[in-house]
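Right, one structure below, let's go through it.
The values are calculated or read from the model by the stated rules, or taken from the named source; none is laboratory data. No experiment lies behind these values; they were computed from the predicted model shown. Reconstructed Cβ throughout: ideal geometry from the backbone, glycine too, with neighbour counts over all protein chains shown.
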Amino acid sequence: MNTRICVFFLCLFLMQPFPTQAQDQLSCDELGELSDTLSELTDWVTSEGEKIEEGSETDKALGKLIQALKRVAKMEKNDRLDTALKALHEAWKDEDGQWEQFPATMAITTYEFDRIYYNAECEKNADIEYTSSELSDLAYTLRQINMAIESKVKIKDGSHLDLAFESLLDDLKELVDASENEDLKKQVKTLQKAWKDMNWEKFAEICDGVADAVEEL
C-alpha cells in the first residue's frame, strides 16, 4: 500500500458512521470492520512507518485516526484500550524519539479492539475457548513487540506502552495456564520475567518461539 492509497484508506475509515452517543456501542459488524481496517493499517505502518514525514498528509490523517479511535474508546469504556491509545498518541506526537514505537503501539491498539470484538461474543459463545483468530492475533502482537525490541525501541518502565504490553502478557499467561503444554508455560513465565526485568535480549531470544507455539494451540 503506497502513501497515497494509505491516506485515501484512512479517509474512508474516518468517514464511517460510527455511533456518536457515549451510551452507544459498536455492533459486531462495526467492530469486525474496525479490527480488519486497523490490522491492515498496522501492517502498512510496520513496513512504511519510517517514510512518514512529520506534517505530511499521512501524518495528519493518522492524527485524525487516533482522535476517532479515542471517541470509539469512550463509548466502549475500556481501561486497557484507553491505555493503548494513550501510548499510540504519545508515539504519534514523536516526543523524545517515540515515533519509533508507533508500529508497536498500533499493534497493541489493534489487539485491544480485537479483544472487545471477541469478548462481545461476536464469533463464539462464552463457554468456548480461544478461537484460531484470537490465537493468531495474540501471536501477531507478540511478534510486533519483539520487532520493536529488536529495533532497539526504548520502552520506559511504567509507560503506557509498557502497561499495555504487560496486559497482553497477562492474557498470554492465562491462556497457556489453561493448556497442557508445560514447556510453553515455562517459556511464558520466562518471557514475563524478562519483560519485568527489562532483559530485552532474553525476551527476544524466546518470543518468536512462544508466538509460534501459541498459534499451534
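Here is a yes/no grid of residues against (1) out of contact with any His (no Cβ under 9 Å at 6 or more places or on another chain); (2) modelled with pLDDT of 90 or more; (3) farther than 20 Å from residue 52 by Cα:
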{"site": "76", "(1), (2), (3)": "yes, no, yes"}
{"site": "84", "(1), (2), (3)": "no, yes, yes"}
{"site": "89", "(1), (2), (3)": "no, yes, no"}
{"site": "92", "(1), (2), (3)": "yes, yes, no"}
{"site": "103", "(1), (2), (3)": "yes, no, no"}
{"site": "111", "(1), (2), (3)": "yes, yes, yes"}
{"site": "117", "(1), (2), (3)": "yes, no, yes"}
task: Would you be able to tell me the number of residues in the stretch 158-191 that are among the hydroxyl-bearing types (Ser, Thr, Tyr) and farther than 30 Å from residue 98 by Cβ?
output: 1
- request: Determine which single condition residue 157 fails, assuming it passes every other condition in (1) outside any helix (DSSP H, G or I); (2) under 30 Å from residue 26 (Cα atoms); (3) at pLDDT 85 or above; (4) not β-branched (Val, Ile, Thr).
  value: (2)
field: Complete set of residues in the stretch 167-217 that are assigned to a helix (DSSP H, G or I) and hydroxyl-bearing (Ser, Thr, Tyr)
entry: 167, 190
query: Can you pull out the residues in the stretch 64-86 that are among the aliphatic types (A, V, I, L, M) and free of Cβ contacts under 8 Å to residues at least 60 places away in the same chain?
result: 65, 66, 68, 69, 72, 73, 75, 81, 85
- request: Tally the residues that are among the polar types (S, T, N, Q) and part of a loop (DSSP other than H, G, I, E, B), restricting the search to the stretch 38-82.
  value: 2
- line: Conditions (1) in contact with a helix residue (DSSP H, G or I) (Cβ under 7 Å, 6 or more places away or on another chain); (2) farther than 13 Å from residue 104 by Cβ; (3) of a type in the set (A, V, I, L, M, F, W, C) -> residue 198 fails only (1)
- request: Quickly run through the stretch 138-182 and pick out the residues that are buried (at least 21 other Cβ atoms within 10 Å of the Cβ) and of a type in the set (Phe, Trp, Tyr).
  value: 165
